[in-house]
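Everything below concerns the one structure shown next.
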Amino acid sequence: MRQATILKRFIAAVLGIIILTGNTLCAQPVSLFPQGTVVYSDVPYANDTMQKHELDIYLPANATKNAPLVIWVHGGAWMLNDKHADMGYMKQTVRSFIDSGYALASINYRYSTEAVLLGAMPVDRPDLATQASPVTYVDKNDPPFLIVQGEKDQSVPNTQSILLHSYLNLAGVKNELVIVPGAPHYGEMFDAAYIRKKIFMLLRENLK
């Protein structure tokens, strides 16, 4: 589970906002970002030449060298999509990051084969299920979490978010769980004003 540990540390270094995004693939239009946004595309971040180790950086026009950074980790079950995915239905949220003075890094990453290697129900291989579960890696040093998931998610049961919420509480980690009424696994219902308000409240409290 080395990859899971690295990813956990990578996200924790920024903040620990979890938005369960979907499996759509869409190249983000330039118009998605405010005028004057500075873009650095396909920047390598792992000292190699793999496209899966590249990221795009979006900076506000008046960004300082110490601008707080939000990392965008696209959805796709760790098996598909790229750094442009999910932005299309989160237009207002993405734009608000830049408008509010945050830098945004959207990353590619290597796909995981561990989900395929499970090949069994958790009740048959609880050892592998434990290794694959995020709650295994919860500890008191984790950053604050905002967990957002759809009530009608048919891809991932929202009981998993409820379970993560409970484990974070047990570890004493500050967190908030939002189950979006009527929402599926992904879509524009997650780009709602009340969710953005919670996101930016968490960012202000921890990054600025």
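FYI, it's all coordinate maths here, none of it is from the lab. What you see is a predicted model, and the numbers here were worked out from it, not measured in a lab. All Cβ positions, glycine included, derive from the backbone under ideal geometry; neighbour counts span all protein chains shown.
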* Asked: Taking a point 7 angstrom from the Cα of Lys91 along the C-beta vector, which residues in the range 185-208 have backbone N less than 12 Å away?
  -> 188
* What residues of the range 189-208 lie in the reach of a label at Tyr137, counting those whose backbone N is under 19 Å from a point 7 Å from the Cα along Cα→Cβ? -> none
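Return a whole-number percent for the relative contact order of the range 70-162, with Cα pairs under 8 Å and 6 or more residues apart as the contact set.
Working: 61 pairs, mean separation 21.3, N = 93.
Relative contact order comes out at 23 percent.
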* Structure fact -> The simple spin-label model distance between Ser112 and Asp99, using points 7 Å out along Cα→Cβ, in nm, is 3.4
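Using the structure shown, select from Lys91/Lys198; Lys52/Lys197; Lys140/Lys198; Lys174/Lys197; Lys152/Lys198; Lys52/Lys91 the pairs with a Cα to Cα distance greater than 26 angstrom.
Working: Lys91/Lys198 16 Å; Lys52/Lys197 32 Å; Lys140/Lys198 22 Å; Lys174/Lys197 17 Å; Lys152/Lys198 21 Å; Lys52/Lys91 24 Å.
Flagged as over cut-off: Lys52/Lys197.
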* Asked: What is the set of long-range amide H partners of Ser155 at a cut-off below 5 Å, with H atoms built 1.01 Å from backbone N?
  -> His185
* To do: Check the straight Cα-Cα distances from Lys83 and name the aspartates and glutamates below 14 Å, setting aside those fewer than 8 residues away within the same chain.
  => Asp42, Glu54, Asp56
* Where labels lie 7 Å past Cα in the beta-carbon direction, separation of Tyr194 and Arg125 in nm -> 4.1
